[in-house]
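Only the coordinates and a few stated rules stand behind these numbers; no lab work does. No experiment lies behind these values; they were computed from the predicted model shown. Glycine gets a Cβ as well: all are built from the backbone with ideal geometry, and neighbour counts include every protein chain shown.
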């Protein structure tokens, strides 16, 4: 007898499309990992606010409930706080899981309205997932059913490629996103590069990880000399995990769970602030060191590997649909999985 599939609708404002094949790819990868763990029948409802504008959130207030009523879904999994705006006006019969990614709950200069709305949406979810402990502390006053569960990294795919031919007296530093994304703080990255160039005798080049295929990202991480993260806020940055898998040193500002990710990993630094001089100094330090086995040190921490994270998420799904897990033990919904 064929096992009944769990029908899940994913409501998200980021997901790969033919025009933008890498946007939200970590969500697609998490769903694919889940489908290898559970009998899952996933469907995607994309709220394309990035390219079509914020009006897409308003349209979703009607469109998403209409989609939900059209089918007997077992689970509604919302990615990003504002994607759940419809929950303020409609309560699905299915269990609602909500994954927050960082900017939706962590305040910065110009997102107070977004954080306010996310806090209104939080009580409407049956289970909330966040990327780090600081985010959990922000959620707890609004929903006690919250767990730290980051997105995992495919350690088999992200591995060092053959080292490129020497480029001579130059180094390559990577900016981990598009310069147009305000939260990633490209101006600070540029200022750090300027100050490094003032202090060193070699050429300093830089590149941005922007609209690249997964293979192209891996190649760039493998040939670079350092990844420099200057974001205003982060949840649990995937690019840092991918860089470490490719044996690339990371220098970062103190955001998200970066300190936990690189704990015990050589050739990596976390600054005490967003100070450009400190970041330049740490990056130069990092570049002067003999590169050790970054990948092996990172892999000793199993909690960021995608299979382990998929299995934990699968237990939450089974609990949500009132099914038993294979070992007949269900994890408590308030358990923290760091």
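Key figures for this structure:
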| quantity | calculated |
| --- | --- |
| Contact order normalised by residue count of segment 170-299, Cα under 8 Å, 6+ apart, percent | 26 |
| Residue with peak Gaussian network fluctuation, the chain [Cα springs, cutoff 10 Å], from 288, 131, 30 | 288 |
| Top of 41, 224, 201 by mean-square fluctuation, Gaussian network on the chain, Cα under 10 Å | 201 |
| Helix-only mean residue ellipticity at 222 nm for the chain, each DSSP H run of n ≥ 4 adding -39500 (n - 2.57), per residue, nearest 500 | -10500 deg cm²/dmol |
| Principal-axis tilt of helix 112-121 within the chain, Cα atoms, nearest 10 degrees | 30 |
| Beta bridge orientation in the chain: antiparallel %, DSSP, nearest 5 | 0 |
| Degrees between helix 214-223 axis and first principal axis of the chain (Cα, 0 to 90, nearest 10) | 30 |
| Those residues of segment 1-29 whose amide nitrogen sits under 16 Å from the label point placed on residue 71, 7 Å along Cα→Cβ | 4-12 |
| Segment 170-299, Cα convex hull volume normalised per residue, Å³ | 94 |
| Gain upon complete extension [residue 120, residue 178; 0.36 nm per residue less C-alpha separation] | 17.9 nm |
| Efficiency of FRET from Cβ geometry, residue 52 and residue 32, R₀ 30 Å, rounded to 0.05 | 0.75 |
| Additional length obtainable on full extension of the chain from residue 214 to residue 273, 0.36 nm per residue less Cα span | 18.2 nm |
| Extended-chain gain in nm, criterion 0.36 nm per residue less alpha-carbon gap, residue 63 and residue 321 | 90.5 nm |
| Three-way shape label, segment 6-65, alpha-carbon gyration tensor, a/c 1.5 | oblate |
| GNM flexibility winner over the chain from 114, 302, 133 (Cα, springs under 10 Å) | 302 |
| Helix axis angle, 55-69 relative to the chain longest principal axis, alpha carbon, degrees | 40 |
| Rg over Rh, two decimals, segment 24-136 (C-alpha only, Kirkwood Rh) | 0.95 |
